[in-house]
1. Kindly evaluate I191 against the criterion of being within 22 Å of E70 (Cβ to Cβ), at pLDDT below 70 and part of a strand (DSSP E or B).
2. Of all residues being in contact (Cβ under 8 Å) with a residue 12 or more places away in the chain and of a type in the set (A, V, I, L, M, F, W, C) in the range 414-440, which is farthest from G308 (Cα to Cα)? Just the residue, please.
3. So, L411, is that one in contact (Cβ under 8 Å) with a residue 24 or more places away in the chain, assigned by TED's automatic domain parsing to the domain that holds E389, within 24 Å of the chain's Cα centre (by Cα) and buried (at least 17 other Cβ atoms within 10 Å of the Cβ) or not?
4. Of the numbered conditions (1) of a type outside the set (A, V, I, L, M); (2) out of contact with any Lys or Arg (no Cβ under 8 Å at 6 or more places or on another chain); (3) closer than 30 Å to G308 by Cα, Y119 satisfies every one except a single condition; which is it?
5. More than 18 Å from K425 (Cα to Cα), surrounded by 18 or more Cβ atoms within 10 Å (Cβ to Cβ) and of a type outside the set (S, T, Y): does that describe F530?
6. Filter the range 176-188 down to the residues that are of a type in the set (A, V, I, L, M) and surrounded by 15 or more Cβ atoms within 10 Å (Cβ to Cβ), then identify the one that is modelled with the lowest pLDDT.
7. Those residues that are in a loop (DSSP other than H, G, I, E, B) and polar (S, T, N, Q), I need them from the range 82-118; list them, please.
8. Would you check if there is a residue in the range 88-103 being touching a residue at least 24 places away in the same chain (Cβ under 8 Å) and within 13 Å of L186 (Cα to Cα)?
Amino acid sequence: MNNITHRNPNLSSPLTTRNVEAGNITVQNQRLNNVTSRNNIAEDFTNFAEGTLLFDKYVVKSRMKVTSGEADIYVCEYNDEEYVAKIYNHKDAVKPEIIETLQSLDSPYVAKIYETGEYEGMPVTILPYYRLGSLQGKKFNLKQLKRMIIPCVNDALKSLHNIGILHKDLKPANIMIRPDGVGVALIDFGISSVIDNNSSMIITKSGWTLAYASPEALRGVYLEESDYYSFGITLYELFCGHNPYENLNAEEIARYLAVQKLPYPENMPPKLKDLITALTYNDLTNRNELDNPNRRWTYEEVEKWLDGEDQPIPGETKISIDIPIVTKNFNNNTYKFDGKKHSNINELVPALAKNWLEGKKHLTRKLLSEFFRRFDPELASYCMDAEEEIQRGEDSDFAFWKLLYKLAPDLEEFFWKGKKYSSLKKFGQDMLIKLRLANMSDKNFWDEIINWRLLSQYLKIHSQPQKIIDGVKALENTNRDRRDDRIKYYLLAYLLMGKKELRVGEKNFSTTEELAEHMNNLLGDSITTFEAFCYKLIYSKNALNEEFEAWLISLGKRNELNSWKQNLKSA
């Protein structure tokens, strides 16, 4: 590690703030007085002069006016790129095991540590510069939270927990807006801890910010679930514009938690309320019983929530769902199918879909219409319509598929010929995995789904945004050669997943900027490694890797691609 050059005493110009706010985000005038507990504070090393050289390469440009009880923060520059230098105020601020473990992590949602060292005995770290600032003081609606914040933070916590790190201080001020403006990343691991010896918890009395601390943290116990509790409080604040425990001390917060739930505002969407309730569930008695609904939610449950899957809310008997599902009971009648008796439509339809051939037999033999005619004329009419369509020559599989979603339009599962996916997102994920493995065993299955326009019809039945429906329709109507088919499959997978991520080898890229940065780094390290990476993107016949081309199209780079192809023809 190179020594850090001392500041130039001849430079004394005032340092300016560098911060750009993200667009379309409401900034609150209120500021929470959340002070993180710190010990052994050393002398405040301030006023780094502009031009100071750190690690023999990072040039200090300005000091940021960021409130931090643990460090002074500066913007610095290296190779025309801006970074942040964090100069800590106490010697034990950065734990070596945390730094070493974090440096092994490659996640776009966790701030990368580029360099570490010391200045006059105090720790220094070089981090990314998030010019759009943090989430502190900003408000978001449910749509923004679902698209921009919740998936990123959930993935970040999973990445950290997978390598044994507990963040311990999750809050809006420690969540930064990524440069692309459509995602966030976690920062500030000064009080984080590494779990040792396959334990699932640590005992600690230090760290955490009081207003975001879980009940067990107040008792000195910290778990992975504790980070998710802080996540829940953070989401409350990002929606409401204030913390539910603002201006309360530790004793008052503990007493408040013991007697009542969070004070939710009337305008909070029920779906978001369910998520926050589940993330801040107090009782951890059942935390290791995965089948027990009365336990605090963590990564898997948040993912299911994002997918719209129904889940029991801890401590409540009701099921949290986006749209009320009207379960049509059979008026004390039961329908026997596949060896089981079914008493309502939401039990019967998945059973019919699972045993596809037998289900079609029940339809064509008029068993379904005769059963529903006894007590539900509407359902009976749907069955009779499907019977008539098949008699007129309609494809029996297609007629049966349409009938299933007429009978139970609220079911989220996607069915076709005996295969079932919990959602279209899961279907897209399965398609992407198979494409990346060059496994085309489901090609005929995909083509049938595309040719029958099942995806766009499913989206329409479930009242999805017209923009998504139109995008899927455009792909369904495309009829090209084998190579373009693979590109179409990739585009469909991205669209259904709601996530555009290119994988090259073991690396994932969400933006072209990330890809360009990685390629520049490879070029700087080894021309051979750089060329090998390029060959994974461009085939020998001057054609792009199908996933790479689909990814660029999904990012809106079709015109650039067409221009590149035209230049190749002209060369």
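The values are calculated or read from the model by the stated rules, or taken from the named source; none is laboratory data. Note that the coordinates shown come from a computational prediction; the quantities given were computed from them, not determined experimentally. Heads up, the Cβs are rebuilt from the backbone with ideal geometry, glycines too, and the neighbour counts pull from every protein chain shown.
1. Numbers: within 22 Å of E70 (Cβ to Cβ): yes; at pLDDT below 70: yes; part of a strand (DSSP E or B): no.
When the stated conditions are applied, I191 does not pass them.
2. Going through the qualifying residues, I end up with L435.
3. Details: in contact (Cβ under 8 Å) with a residue 24 or more places away in the chain: yes; assigned by TED's automatic domain parsing to the domain that holds E389: yes; within 24 Å of the chain's Cα centre (by Cα): yes; buried (at least 17 other Cβ atoms within 10 Å of the Cβ): yes.
So L411 fits the description; yes.
4. (3)
5. Values: more than 18 Å from K425 (Cα to Cα): yes; surrounded by 18 or more Cβ atoms within 10 Å (Cβ to Cβ): no; of a type outside the set (S, T, Y): yes.
For F530, the condition - more than 18 Å from K425 (Cα to Cα), surrounded by 18 or more Cβ atoms within 10 Å (Cβ to Cβ) and of a type outside the set (S, T, Y) - is not met.
6. If we filter the range 176-188 for residues that are of a type in the set (A, V, I, L, M), which is where we start, we get 176-177, 182, 184-187.
Checking which are surrounded by 15 or more Cβ atoms within 10 Å (Cβ to Cβ) leaves us with 176-177, 184-187.
Details: M176: 93, I177: 94, V184: 95, A185: 94, L186: 93, I187: 87.
Filtering first and then ranking leaves I187.
7. Our first condition is that a residue be in a loop (DSSP other than H, G, I, E, B); within the range 82-118, this holds for 89-95, 103-109, 111-114.
Residues satisfying the conditions are N89, Q103, S104, S107.
8. Here is the first cut: in the range 88-103, the ones touching a residue at least 24 places away in the same chain (Cβ under 8 Å) are 88-95, 97-99, 101-102.
Checking which are within 13 Å of L186 (Cα to Cα) leaves us with 102.
Looking for residues that are touching a residue at least 24 places away in the same chain (Cβ under 8 Å) and within 13 Å of L186 (Cα to Cα), one finds at least one in the range 88-103, hence yes.
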